[in-house]
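Notes follow the structure.
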Amino acid sequence: MKLEGDLKRSQRACQQLDTQKNIQVPREAWYWLRPEEETEEEEEEKEQDEDEYESEDLTVLEKLQILTHYLREEHLYCIWCGTAYEDKEDSSSNCPGPTSADHD
């Protein structure tokens with residue numbers, strides 16, 4: 001349950017940071033939260049795109065690890081610190097690590 005909450009928080013941050021960089025489409029469909037409100041036309045498309053969002057071949061933990069790595073590499077952002085760093089050196093000297101356990 002906690003992992004799902006962490007994944008949603010990471011997806012929200014990813015969408016916001018990507019949008020700030022004018023990235024219009026996520027690298028993978030599941031990197032961003034699925035739109036909450038949909039029209040009837042979008043509902044039909046949703047059924048077709050369901051596999052992209054679900055990515056059943058990946059577990060929640062795997063998605064979380066992939067997405068937090070993307071946030072760290074592309075945006076210098078640590079979801080666990082809640083901080084966007086200036087550069088990789090700033091990140092490596094001020095962030096304890098890439099996992100939730102590193103921040104306990």
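The values are calculated or read from the model by the stated rules, or taken from the named source; none is laboratory data. As the structure is a prediction and not an experimental result, all values here were calculated from the model. For neighbour counting, all protein chains shown are included, and Cβ atoms are generated from backbone atoms with ideal geometry for every residue, glycine included. When the accessible area is computed, the model is the full protein with side chains, heavy atoms only, and any ligands, DNA or RNA have been set aside. Shrake-Rupley method; radii C 1.70, N 1.55, O 1.52, S 1.80 Å.
List of remarks:
- Of the GluC sites (Glu not before Pro) found in region 57-104, those in coil by DSSP whose Cβ has at most 10 other Cβ atoms within 10 Å are E86.
- In the context of the full set of protein chains, region 56-104 has a per residue accessible area of 61 Å² (1.4 Å probe).
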